[in-house]
């Protein structure tokens, strides 16, 4: 297998970038690594060199998805079988990638997978989501208490699943996306209209039209998860702009495909909850 991986950085510290790159090298020593740096300076170039990563400096900062696309284009042109998209604030053990790759090799109908994602203290991050509607994003961002109390947050983030079983999920987080490269060749990489935020939902949705998009809970990664748009007005602007672009693309309140995809995912989870109670059985999904 020819494995490629891209990490996009913007003003991340050398120690943080070193951790994520070392995680990949330890887990898949043969992987071709790309560090795409959107920072104004090139202070991360030595870190990339130490880890054997190809360093690409884009000081004009074209955005998260566009920066990944530079690496993805090179990876696909050079025969990548699987491409891994990573956030810079991740780290993981050596077993993570071999287990996920074995799962994908066994289950050829799966096109995209994500492991369990946890905070550094071990708490679960609820990053498996349904495809959003405008109300979901508005209430989740601006009325979080009401959204939580109404039960809509739990439904949107699939809390009832327990995050303890393999499951088909409409929208997987862009912090860790392991993708069959053939599907990227078929459906395209990230939509560069999304400077930041919702590009992962869009890509999950497009891959989901051709293959399963699956959460795999039996290995985990640590993710610092800064929730930047909750702290930075500029990032909030990018989030709102991306939401507008997403709903302009797929529909605001009349999105039949979303309704069908979310309904199918919820029915599968309900069925799985009734008939699966052992990890050995879950692994056969």
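Throughout, read-outs are computed from the coordinates displayed, never taken from laboratory work. Everything numeric in this text was worked out from a predicted model, so none of it was measured. Please note: Cβ atoms are built from the backbone with ideal geometry, for glycine as well, and neighbour counts cover all protein chains shown.
Please state, as a whole number in µm²/s, the translational diffusion coefficient that the Stokes-Einstein equation yields for region 64-141 at 25 °C and 0.890 mPa s, with Rh defined as the Kirkwood radius across alpha carbon pairs. Before the final figure, lay out each step's value.
Values: Rh = 15.6 Å.
Result for D is 158 µm²/s.
Model label points for residue 94 and residue 218, set 7 angstrom from Cα along the Cα-to-Cβ axis, are 2.0 nm apart.
Given the Cα-Cα distance of residue 123 and residue 43 and 0.36 nm per residue of separation, how much length would full extension add, in nm?
Computed gain between residue 123 and residue 43 is 25.6 nm.
I'd like the antiparallel share, as a percent to the nearest 5, of DSSP beta bridges with both residues in the chain. Percent antiparallel among DSSP bridges in the chain is about 40.
Calculated FRET efficiency, residue 185 to residue 160, Cβ-Cβ distance, R0 = 35 Å: about 0.50 to the nearest 0.05. On full extension, the segment bounded by residue 143 and residue 60 gains 26.4 nm, given 0.36 nm per residue less the C-alpha separation.
I need to check one value: relative contact order of the chain, counting alpha carbon pairs closer than 8 Å and at least 6 residues apart, in percent. Numbers along the way, then the final one.
Details: 494 pairs, mean separation 61.3, N = 285.
Dividing the mean separation by the residue count of the chain yields 22 percent.
Relative contact order for region 1-88 using alpha-carbon pairs under 8 Å, separation at least 6, rounded to a whole percent? Here the relative contact order equals 44 percent. Its Cα gyration tensor gives the chain an equivalent ellipsoid. The semi-axes, each the square root of 5 times an eigenvalue, are 28, 23, 18 Å from largest down.
A simple spin-label model places the labels of residue 266 and residue 192 3.8 nm from each other, with each point 7 Å out along Cα-to-Cβ.
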